[in-house]
Structure formats: C-alpha cells, structure tokens
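Visitor: This is the structure, below, for whatever I ask next.
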C-alpha cells in the first residue's frame with residue numbers, strides 16, 4: 001500500500017499546475033501523473049450552482065481508496081510521494097479526511113490575491129466552455145446576493161477565495177511545521193527560490209534546479225475567434241473522452257488553441273468592491289500564515 005506523504009492542497013488558479021510540473025521533474029519526487037484526483041472531497045455533493053458539464057467532470061473524481069492507492073503504485077523508492085488537488089482548499093471536509101488517512105503528510109498551499117484569483121477563475125471557465133456568462137460584474141452580484149458558501153465552495157468564484165476559512169482546519173489538525181504556505185507572487189518573482197525552499201521542506205535535494213521557463217495553465221481570452229469558438233464549444237466532447245486519454249495526450253490540444261491569449265483587466269471599481277468582500281478573511285489569514293498581505297488590500 002502506497003499513500004502520499006505530501007499533498008498540494010491549493011489554491012486553484014494560483015500556480016498549482018506549474019508546481020505540479022516543476023515538482024515532477026525532481027528525481028527524488030514521485031508525483032501522481034494525474035493532477036486533481038480530488039479523492040479527499042469526492043464524497044461531497046456538487047453545489048446547485050454547478051452546471052451539467054462540471055457535474056459530469058466530477059463523476060471522474062477518484063472515489064475508491066484502492067483506486068487512489070493505485071495512483072502511486074509506480075513509485076520506486078522516491079523520498080517524496082505526492083499529488084496536487086486544488087479543491088482541497090475549497091471544502092471544510094478535506095482537512096479531516098486527509099488527517100485520517102495520511103496523518104503524517106506534509107501539506108503545501110500556494111495562495112493568490114483572492115480578487116485576481118476569482119477573476120482569473122471566471123475567465124478560465126468562460127474560455128473552456130464551463131461558464132456561459134460574459135459579465136463578471138453580474139457574476140459577482142449574483143454570488144453576493146446570498147451568503148458565500150460555508151462548507152463547500154466548488155465553482156463559487158468568491159467563495160474559493162476565503163483562504164483563512166478553508167485553510168484554518170489544516171492548522172488545527174496538522175503540526176504547523178508540516179504545512180508550508182507560499183504566495184503566487186513568490187512563484188512569479190523567484191520560482192527557483194520558492195522551489196529550493198519547497199524541496200527542502202519535502203526533504204529532497206534542494207539544489208536540484210528544474211526547468212521553470214514555461215508557465216502552465218495560464219488564463220486569458222483566445223485571440224483567434226475561430227479557435228476560441230471551437231475550443232469553447234468542444235467542452236462536452238473533451239469531458240467525454242477525458243477518462244480514456246492519458247494526460248500527455250489531453251494536453252496536446254490546449255497549446256494549439258491557447259497559443260495566443262489576450263489578457264482582460266478587472267475594472268478598478270469592481271476590484272475595490274471585492275477587496276471589501278475579502279478584507280476580514282485576509283486580515284485573519286495574515287496572522288495564520290505570518291505573512292504581510294497588505295498588497296492584496298490595495
């Protein structure tokens with residue numbers, strides 16, 4: 001029986017895909033080849049706001065313990081064995097589930113300005129055909145018309161940014177020295193410095209230097225209107241064939257369509273409104289992780 005001794009728990013749209021690729025290059029690390037098996041939250045019911053395509057995608061989450069253990073069968077004596085599932089920072093049930101099965105695991109989180117994260121999340125889902133709405137202001141108004149989700153925030157753009165709310169249980173169940181929290185800005189400004197620290201945390205050779213030239217899963221609007229229409233419209237087909245294709249094959253298509261991405265910027269007035277949504281959670285998060293986050297409140 002092989003289980004992970006480290007888990008990247010999130011947050012989504014904060015560099016977890018890049019971390020997945022960079023960690024996988026280290027010769028002393030075995031990383032589950034499938035990103036986001038989502039095993040520890042697979043019993044959660046998909047929220048009412050999630051659409052049919054996302055619900056179908058969730059059917060492919062790993063639910064059986066034997067199937068989860070099989071993800072690590074190819075490990076051959078690596079010191080660090082792990083997986084990355086950003087949804088583990090979107091459900092309160094994740095921390096106790098991980099603590100029960102993997103009580104000695106090390107946990108890695110990477111957090112992004114919650115306003116930027118929410119907007120990037122929306123743009124990514126819109127591009128990929130998972131959200132047909134086009135105006136983020138309307139999305140924000142809809143989500144703010146009701147309380148933000150408390151126990152499960154899947155697919156809720158604002159709810160997923162309540163980092164203190166979802167990270168807090170990990171600090172209650174795991175020793176602080178087995179939790180490492182980074183910021184997305186750290187990855188952007190000094191990827192090699194972050195990775196050296198992370199490798200040391202995972203007790204593998206910190207002097208190993210992976211290739212970090214490529215940033216993975218970047219978000220933006222596909223500039224070519226024809227390619228954009230084909231990619232967005234093919235979401236049902238991509239969802240249907242996903243379980244039957246290895247990740248290396250699935251990943252071949254995205255660069256063809258997303259070779260040139262245009263960036264969209266959030267309106268300053270809406271940004272200011274969203275800062276207030278997250279202000280209290282950010283204040284508590286600063287104390288929890290010991291980082292100054294005033295840049296998120298500007």
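We did not get these values from a lab; they are worked out from the coordinates using the rules stated. It should be emphasised that the depicted structure is a prediction, and the values quoted were computed from it without experimental measurement. A quick note on method: Cβ atoms are made from the backbone with ideal geometry, for glycine too, and the neighbour counts reach across all protein chains shown.
Visitor: Any idea how far apart residue 272 and residue 190 come out in nm if each label point goes 7 Å out from Cα toward Cβ?
Guide: It is 3.4 nm.
Visitor: So for segment 1-157: antiparallel DSSP bridges make up what percent, rounded to the nearest 5? Walk me through the intermediate numbers first.
Guide: Values: 1 of 11 bridges.
Approximately 10 percent, going by the DSSP bridge assignments.
Visitor: Sticking with this one: Once you order the gyration tensor axes a ≥ b ≥ c over the Cα atoms, which shape class does segment 33-93 get: rounded for a/c under 1.5, otherwise prolate or oblate by comparing a/b with b/c?
Guide: Numbers: a/c = 2.57, a/b = 2.10, b/c = 1.23.
Judged from the Cα gyration tensor, segment 33-93 comes out prolate (a/c at least 1.5, a/b above b/c).
Visitor: Contour minus end-to-end for residue 74 and residue 45, with contour as 0.36 nm per residue of separation and end-to-end as the Cα-Cα distance? Numbers along the way, then the final one.
Guide: Numbers: separation 29, 0.36 × 29 = 10.44 nm, distance 3.08 nm.
Between residue 74 and residue 45, full extension yields 7.4 nm more.
Visitor: Quick one: what Rg and Dmax do you get for segment 108-187 from the alpha carbons, in Å?
Guide: Rg and Dmax of segment 108-187, Cα atoms, are 14.4, 43 Å.
Visitor: On to the next question. Please say if segment 1-139 is rounded, prolate or oblate, where rounded means a/c under 1.5 for a ≥ b ≥ c the square roots of the C-alpha gyration tensor eigenvalues, and otherwise the choice is prolate for a/b larger than b/c and oblate otherwise?
Guide: Working: a/c = 2.05, a/b = 1.62, b/c = 1.27.
It is prolate, given that a/c is not under 1.5 and a/b is the larger ratio.
Visitor: Please report the spacing between the Cα centers of segment 145-185 and segment 275-298 in Å, no decimals.
Guide: 13
Visitor: OK, next. From the Cα gyration tensor of segment 145-219, with a ≥ b ≥ c the square roots of its eigenvalues, which class applies: rounded if a/c is under 1.5, or else prolate if a/b is larger than b/c, or else oblate?
Guide: Judged from the Cα gyration tensor, segment 145-219 comes out oblate (a/c at least 1.5, b/c at or above a/b).
Visitor: No solvent, one uniform scatterer per C-alpha: report log10 I(q)/I(0) for segment 82-136 via the Debye equation at q = 0.17, 0.24, 0.28 1/Å, two decimals.
Guide: One equal scatterer on each Cα of segment 82-136 leads to -0.71, -0.99, -1.14.
Visitor: Hey, another quick one. Starting from the Cα-Cα distance between residue 67 and residue 100, subtract it from 0.36 nm times their residue separation and give me the gain in nm to one decimal.
Guide: Working: separation 33, 0.36 × 33 = 11.88 nm, distance 1.74 nm.
Additional length available on full extension: 10.1 nm.
Visitor: Now, a different point. Return 275, 110 ranked ascending by Cβ neighbour count within 10 Å, so the fewest neighbours appear first. Spell out each step's value before the answer.
Guide: On the way: 275 16, 110 26.
The most exposed by this proxy come first: 275, 110.
Visitor: Still on this structure, please answer the following. Which of 284, 133 comes first, and how do the rest follow, when ranked by fewest Cβ neighbours within 10 Å? Intermediate values should be presented prior to the final figure.
Guide: Values: 284 15, 133 11.
So the ranking, lowest neighbour count to highest, is 133, 284.
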